[in-house]
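K.L.:
Take this structure, written in structure tokens, and hold onto it; I'll ask about it next.
The values are calculated or read from the model by the stated rules, or taken from the named source; none is laboratory data. Since the structure is predicted, the reported quantities are computational estimates derived from the model, not experimental observations. Virtual Cβ from ideal backbone geometry, glycine too; neighbours counted across all protein chains shown.
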Amino acid sequence: MLYEINSIYCSRCKEFTSIFDAVNLNFSSTELICSECGKILVVMKTKMQTKYDSTFSSKQLDNYVKKENQKTAKELSMNRVVIGSNTA
């Protein structure tokens, strides 16, 4: 059974935000990403993806998610600094 998800709680934005999904070919997974800040919120692997992915490493995936979330956090803070300095 499939359910449509319109929004999900983002711990970075501190509110329910809309999401978009992206397929990650390197890990044969689908990511749900916050459309406001870009944080990866959920990583999903279907039974079919798991079946055909013989080299899956959850540790590598965990490191990838942490690295991407740090990168989007830095970009978000840089945007806030630029916006804040332009309004003064």
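K.L.:
Inside segment 7-16, can you point out the residues that are closer than 24 Å to residue 46 by Cβ, modelled with pLDDT of 90 or more and surrounded by 14 or more Cβ atoms within 10 Å (Cβ to Cβ)?
P.N.:
Listed by number, the list holds a single entry, 10.
K.L.:
Take the residues of segment 27-44 that are in contact (Cβ under 8 Å) with a residue 24 or more places away in the chain and not in a strand (DSSP E or B): which is farthest from residue 72 (Cα to Cα)?
P.N.:
Restricting to residues being in contact (Cβ under 8 Å) with a residue 24 or more places away in the chain and not in a strand (DSSP E or B), the top hit is 28.
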